[in-house]
1. Go through region 221-244 and report how many residues are surrounded by fewer than 20 Cβ atoms within 10 Å (Cβ to Cβ) and over 13 Å from residue 146 (Cβ atoms).
2. Being of a type in the set (Ser, Thr, Tyr), under 24 Å from residue 117 (Cβ atoms) and in contact with a strand residue (DSSP E or B) (Cβ under 8 Å, 6 or more places away or on another chain): is that true of residue 20 here?
3. State all residues of region 180-204 that are without any contact (Cβ under 8 Å) to a residue 24 or more places away in the chain and among the hydrophobic types (A, V, I, L, M, F, W, C); if no residue qualifies, say none.
4. May I ask you to say which residue of 107, 77, 19, 12 is in contact (Cβ under 8 Å) with a residue 24 or more places away in the chain, surrounded by fewer than 21 Cβ atoms within 10 Å (Cβ to Cβ) and farther than 17 Å from residue 136 by Cα?
5. Within region 5-100, considering only helices (runs of 4 or more DSSP H) that don't extend past its boundaries, which have at least 1 residues that are modelled with pLDDT of 95 or more?
6. Conditions first: (1) assigned by TED's automatic domain parsing to the domain that holds residue 43; (2) assigned to a loop (DSSP other than H, G, I, E, B). Residue 157 passes all but one, so which condition is the exception?
7. Anything in region 178-236 that is hydroxyl-bearing (Ser, Thr, Tyr), touching a helix residue (DSSP H, G or I) at 6+ places or on another chain (Cβ under 9 Å) and either outside any strand (DSSP E or B) or modelled with pLDDT of 95 or more (or both)? List them, or say none.
Amino acid sequence: MSVFNAYAQYYDLLYQDKDYAQEAAFIHQLLKTHAPAAQHLLELGSGTGRHAEYLAERGYQVTGVERSEEMLARCGDRQAAQSQELAQRLKFLQGDLRQVRLGQTFDGVLSLFHVISYQTSNADLAAAFATVAQHLKPGGMFIFDVWYGPAVLYDQPQVRVKRLQNENLAITRIAEPVLHPNENIVDVNYHILLQPTGTDTCQELRELHRMRYLFKPELELLLGQSGMSLVTYSEWMSDRPASLDTWGVYFVAVKS
């Protein structure tokens with residue numbers, strides 16, 4: 001999303017502890033279970049392209065759509081170092097997932113790392129689901145993950161501090177959340193300190209990320225209004241049943 005533009009330059013460092021390879025393997029297993037013939041995938045909100053790359057390594061053709069120019073630039077930097085075989089399976093385009101229309105359909109659509117939760121209004125959510133439906137073949141699968149409403153309200157968000165460093169940069173990120181229970185929104189206020197290695201200088205950034213936490217019944221309604229139906233849902237990565245302590249939950253839907 002556009003909110004990521006300010007820190008796309010250090011996004012991969014900030015999430016260096018995120019196991020994209022294992023997450024792509026998890027998506028691969030979901031596809032093999034629910035859409036074993038799937039080969040052509042569309043990823044909405046593809047970020048810096050890490051999930052897409054690992055899926056391409058497994059033989060999928062992946063088209064990524066990302067709104068942020070800076071994120072796409074990071075994709076381009078990495079693609080320049082890829083083998084021709086891998087690069088031929090990947091395509092990245094700039095676009096807003098609420099509006100983009102590519103004029104083609106896919107075996108599966110992905111929207112990962114809580115991209116759907118960044119659609120904070122009812123209109124934005126409806127537009128995003130309409131985009132998914134427009135790009136899915138009949139019988140195609142939609143796989144996405146969200147902040148799960150019951151867990152957010154039960155285990156409410158707390159202030160968190162994250163510190164990371166590589167040979168060039170040290171990052172400290174303080175996340176201060178504000179819960180708006182009548183809007184199903186959490187405002188995550190980020191205070192970010194960037195210090196180049198070997199210097200005493202520090203750049204300070206502040207960002208607001210608005211996140212919509214979502215519930216199974218409203219997702220079923222949105223899916224149904226877009227011509228899709230829910231197949232399954234569970235905790236992201238663990239596959240445990242969604243519950244009061246599962247903030248991250250994935251959903252799998254099929255287009256009628």
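1. Qualifying residue count for the region: 14.
2. Details: of a type in the set (Ser, Thr, Tyr): yes; under 24 Å from residue 117 (Cβ atoms): yes; in contact with a strand residue (DSSP E or B) (Cβ under 8 Å, 6 or more places away or on another chain): no.
No; evaluated as a whole, the condition is false for this residue.
3. Matches in region 180-204: 193, 202.
4. 12
5. So the answer is 20-34, 50-57.
6. The one condition residue 157 does not meet is (1).
7. Result: 213, 226, 229, 232, 233.
Residue-wise test of (1) touching a Phe, Trp or Tyr at 6+ places or on another chain (Cβ under 7 Å); (2) of a type outside the set (D, E, K, R); (3) not assigned by TED's automatic domain parsing to the domain that holds residue 156.
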| site | (1), (2), (3) |
| --- | --- |
| 190 | no, yes, no |
| 204 | no, no, no |
| 208 | no, yes, no |
| 218 | no, no, yes |
| 226 | yes, yes, yes |
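The values are calculated or read from the model by the stated rules, or taken from the named source; none is laboratory data. All of these numbers come straight from a predicted model, not from anything done at the bench. Here the Cβ is made from the backbone with ideal geometry for all residues, glycine too, and neighbour counts use every protein chain on show.
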